[in-house]
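Readers should treat all values here as calculations from the given coordinates under stated rules, not as data from a laboratory. Just so you know, these numbers come straight off a predicted model, no measurement behind them. Quick reminder, even Gly has a Cβ in these numbers, built from the backbone with ideal geometry, and neighbours come from all protein chains shown.
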Amino acid sequence: MTTVERWARIKQIVSGALDLGASERSVYLTESCGDDPEIQREVESLLSAHQSAGTFLETPRRIPAAVPADLTGRTIASYTIERRIGAGGMGEVYLARDAKLDRPVALKLLSRDLALNADRLRRFHAEARAASSLNHPHILVIHDFGELDGRPFIVSEYVEGETLRQRLASGALPVAEAVAVALQVAAALGAAHARGLIHRDIKPENVMLRPDGYAKVLDFGLTKLAAPDHPDADGADARTIPGLVMGTPRYMSPEQARGKELDARSDIWSLGVLLYEMVAGRPPFAGATHADTIGAIVGVEPLPLGLQAPATPPQLERIVAGALKKNRLDRPASMADLIADLTALTRQLDAEEPASPPAPSSLITQPDASSTPRSPAPTRTRLIVMPFRLLRPDTEIDFLAFSLADAIATTLSSLDSMIVRSSMTASRFTGDPINLPAIAEAAQVDAVLTGTLLRVGSQLRVNAQLLSAPEGTIVWSARMDVPIDDVIRIQDELGERIADSLALPLTPRDHEALRRDAPASPRAYELYLRGNNHFYDVEQWTVARDLFVECVTEDPGFAPAWARLGRCYRLTAKFRSKTIEDVRENLKRAEMSFRKAFELNPDLPIAHHLYTNLETDLGRGEEAVLRLVRRARQRRADPDLFAGLVHACRYCGLLDASVAAHVRARHLDPHITTSVGPTYWMLGEFEQAIEGGFSGFFVGLPQISLGREAEAIAVARASAAVVRDPTTRSYQTVLPLLLEGRAGECLRILDELAPRNPDPESVYHIARTYARLGATEPALAQLERAVDMGFLNHATFARDPWLEPLRESARFTDALARARRRQDEAARKFRDAGGERLLGLA
Amino acid sequence: MTDETPVPPPRQQISKLLEAWAGQDPAAREALVPIVYDELHRLAHHYMRTERAGHTLQTTALVNEAYLRLVDVSRMEWRDRAHFFAIAATMMRRILVDHARAHARDKRGGGVVMTSISDDVVAPAPDVDVIALDDALERLAQVDPRQARLVELRYFAGLTIDETAEALGISSGTLKREWVIAKAWLYRELHGR
């Protein structure tokens, strides 16, 4: 047998063995290797290598790039380098002090490559000087040029502030602000164009924003350095594309992407892209690869701005669409035209500003009808991922039934083109065969993923079907066999196949999202799935917490695990901490975990959903509201974001907004659970509070408010009887004890629980219960604490009958005034962020 | 971007060569190889020389870049892209291995100031010793050239399973199996028996 034949045989045997479980393997190996022990050894060693290989070679090779040395402390010519303030594709930027004139300057040190062509360098200097000498208020002033160890540098005025890129990292800009920035950039470019200077590289990195909103355009002429002199005769040499390897083609005009001669209209295009991104929070053309991006620039119409950012005035949408005409003949003929349009728009925005009266409290309109008459919400496929069914009972893999489905749903929920129902909703519909029409109707979905699991030795066999609902047509069905320690492949492949088969219009961002939140190792993924399995079970979440801790230890780069761990720590703080120090420590860990998740993926849906309750516990309800508004304006069909707003708005005293958010969440997902019950209670709508669900520590409260005390005692006692969590049980006995006149026991429980309760809403309830019991001093102390911790419903405090004994106190009046001030502030920010528009309140 | 680089032939011509090669014309491949190598080499070295903070670039991105520069994208099919990547993979391997060898020499060489390449820059995945991998791939190619090729395409050009299958002209199913075995073989070679 030749070496090649031997290898073929070994491969064949290994291949067969991979299909079998450990127990069947040894028999198979003995049979197939026959009397050739050497072949058997070889096969066994390959099988064992396969076991340990993990993700070996799975990530394509990366190319190392050089790391620049930090020049801080050095003196170059008359400039003393104070610190590095930025580094990018073209070089690094330092803050330096000019010794001659004793002023701060920015020193930009360019890559050595850029100096290789002396002629080109001269022309860059000339162009940069020409732009600077325009003395335009929105063009960065250049002071000097020089060279350090063969690297060219530019010295310019130092602008304190951030680049537009840095500003965009925290999300879209309000429309008025975006237009103001665009207008300043347009003015700068208009002045340059009048002198025949084209910028060619307008992008967020090249616009500096001072804290007062003043904008400056940087880097005139720099593309001259990076691009070669002349295009080919046919004018279509991709080498004229500036900054391709160095940066991004996202802001390039179609003619630039084609390597054609450029005129001022190319800058108009780039400014259009910039304006779009400022308003939408994302660029109009962005592909997974540069080729995709360029393909989109040249041939794909961007999504209308109004669809990305519902607050866009129609006039702005027209201006942006005009600047983004593929054919430059269709764009505004000159920057002056664009400036005129933007100026008219600014006037219109100024005129509109005061004309937005607060909505009357009873009037909640359907958001879709009032805020975006022009742009119907894009249709999105609504999917539910059913828990997998085990074909035979199997303790090894039964944790996968729920958790794998949950993980797939979590991953797919980051797709813009898809609404994925929560795993909790899915777990409500059990039964085999599933009743498809019932699910489609009840959960309002268009597609259902179902599947079965079967373990065969060390292999896991997955049968999955995607069904269209309600008709039940099989969109596809697939069988996969994967090693039991490589379950991540199931998520990957099913995720991609679902996206493919539903022909979802996946954006490049979506493709990235599908890939991004993947664990680095099968072990981390298994820990994650095991954690998920216990995640929603009140009895089990400390188990979940420990599994997630293990998971992030195994793979610190796995964002969804951090987010889930954050929730577990929050719950630990609230329910499992015996001392106030423990509470603080666990809240701190919760915060760090979420930070970590957001650092890894600022868009992670599950992190945005789970973070809200922690923010309100930490007294940051206002931040939660603003974050959710910003997020929901980009993902208007995500019911969980609106459910979060129900909660966060209530803490800020925005009760109408809270109810409107609930209406919106239910509109998107008829089964979603929100905390609207307490909101209705605060509004004095007690029947609706009962209907909306009033669970938690003070079960029975709406019934008491309605004077139905016997019923209140009954529901509270019934709840306390089944709740296993001791903290919750203690709280739930408070109201019955109070009604039964057992004040002493009541006070004892409150005294014990109050100090370590981190949730300002709970603290308010504790305060009013103290007041009702006649304990004025602790009542005042707790009410002050509730306000200072961020529960701002001053109107509710003012009309709460239980707080009657406190009203004479100056401390009460002060606390109310503080709450009112903070609520007004929150309401203003909410309005400015577009929250009222989003919820149809304006 | 230096000026000493020869100007590549117009993109239409390269696109034609790629089409011809996809149509089984071996001469077309011969003609393509030096063009693609020059471009990749230029891009990779530009990248590896350019100082930037904490970035590494995926091989896939670089090959894509070369593709974009060389080929008239509007005329090409997805399949042609796989073929282009197939050519590029071998060269990418050569460039990276050469770079690693030079780097290793510099590290041993004493007195050479290594300001431009830093060991701080590591890939997020555990780094594979690229020189050892190259040697192992040589050995693998002796018994199973297709497997060696497959690893090149997946690891050095970042092709997906489907693209790799297309470039090698085999089914995705077969390819997945071969990939698993090749990985196991190489893992054993690199991590001892």
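Quick notes
- Lysines whose Cα lies under 26 Å from that of B:K16, excluding same-chain neighbours fewer than 8 positions away: A:K260
- Each of A:D102, A:D492, A:D669 has some number of other Cβ atoms within 10 Å of its Cβ, and from fewest to most they run A:D102, A:D492, A:D669.
- A simple rule links phi to the HN-Hα coupling: the Karplus curve 6.51 cos²θ - 1.76 cosθ + 1.60 with θ = phi - 60°, which for region A:782-789 gives 6, 5, 4, 5, 4, 5, 5, 7 Hz, with x for Gly and Pro.
- Remark: region A:270-335 carries a charge dipole of roughly 180 debye about the Cα centre, counting +1 on each Lys and Arg Cβ and -1 on each Asp and Glu Cβ.
- Neighbour-count order for A:C568, A:C33, fewest beta carbons within 10 angstrom listed first: A:C33, A:C568
- Shape call, region A:625-701: gyration tensor on alpha carbons, a/c limit 1.5: prolate
- Ratio of the Cα radius of gyration of region A:168-220 to 2.2 N^0.38 Å, where N counts its residues: 1.16
- For the residues of A:44-55, the average number of beta carbons from a partner chain within 10 Å of their own beta carbon is 5.
- Residue by residue along B:88-101, Cβ atoms of other protein chains within 10 Å of the local Cβ number 1 on average.
- Computed per residue of chain A from DSSP H runs no shorter than four, each worth -39500 (n - 2.57), the mean residue ellipticity at 222 nm is -16500 deg cm²/dmol.
- Prolate/oblate/rounded call for region A:701-803, Cα gyration tensor, a/c under 1.5 rounded: prolate
- Charges were assigned to the Cβ only: +1 to each Lys and Arg, -1 to each Asp and Glu. The resulting dipole of chain A about its Cα centre is roughly 1460 debye.
- Per-residue shielding of B:177-190, expressed as the average number of other chain Cβ atoms within 10 Å of the residue Cβ, stands at 6.
- The GluC sites (Glu not before Pro) of region A:1-75 meeting both criteria, a DSSP state outside H, G, I, E and B (loop) and at most 16 other C-beta atoms within 10 angstrom of the site's C-beta, are A:E58.
- Using C-alpha pairs under 8 Å with a sequence gap of at least 6, the mean separation divided by the residue count of region A:705-806 gives a relative contact order of 19 percent.
- Here the relative contact order of chain A, from alpha carbon pairs under 8 Å that lie six or more residues apart, stands at 8 percent.
- Cross-link pairs exceeding 29 Å between alpha carbons, from the set A:K596/A:K829; A:K108/A:K596; A:K326/A:K596; A:K108/A:K325; A:K325/A:K596: A:K108/A:K596; A:K326/A:K596; A:K108/A:K325; A:K325/A:K596.
- Applying both filters, DSSP loop and at most 13 other Cβ atoms within 10 Å, to the GluC sites (Glu not before Pro) of region A:155-212 gives A:E160.
- Anisotropy class assigned to region A:1-79 is prolate, per the alpha carbon gyration tensor with a/c at or over the 1.5 cut-off and a/b larger than b/c.
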